[in-house]
Amino acid sequence: MTQPNMPADMQELIRQAAEVQAALQRAQEELLAAEVEGTAGGGLVTITMTGGAEIKDLSIKPEAVDADDVETLQDLILAAYRDAHNKAGQLAQDKIGPLTQVQGQAPQGQGGPFGAQPAGPGEVPFGGII
């Protein structure tokens, strides 16, 4: 007896799974190669990060540096990091999210693959699989 909505040919199911796996691998590679920028203080601090959340560059304009106010510079660096990290997470969701949706699951933003919740601010998207 066959299940409803199940492909009749097991070979076809295996082929489809292989296609999804290959597409997911390509998306992950593209994500790791992509770069995003996060900024703070109107561009006083800029962080360049890969889609895999690896920091590639940190730029601090001289006017952001005040020896008597180190805390503000620290806050700007953290804000730029959060901005870049959130952009990397959104890029991951855009590239990988559609590939991990299973028919009948909640739409994007209402639960990720296998019922997982999407990454929140400061969290690594997809449980760190990228």
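Read the figures in this text as sums done on the coordinates, not as results from a lab. On a predicted model such as this, the values are computed, not experimentally measured, just so you know. So basically every Cβ, Gly included, is an ideal-geometry build from the backbone, and we count neighbours across all protein chains shown.
With respect to ALA92, is the statement that it is closer than 11 Å to GLY51 by Cα, touching a residue at least 60 places away in the same chain (Cβ under 8 Å) and in a helix (DSSP H, G or I) true? Judged against the criteria, ALA92 is a match. It is to be established whether one or more residues within the stretch 44-56 are assigned to a loop (DSSP other than H, G, I, E, B), without any contact (Cβ under 8 Å) to a residue 40 or more places away in the chain and farther than 30 Å from PRO98 by Cβ. Yes, some residue in the stretch 44-56 is assigned to a loop (DSSP other than H, G, I, E, B), without any contact (Cβ under 8 Å) to a residue 40 or more places away in the chain and farther than 30 Å from PRO98 by Cβ.
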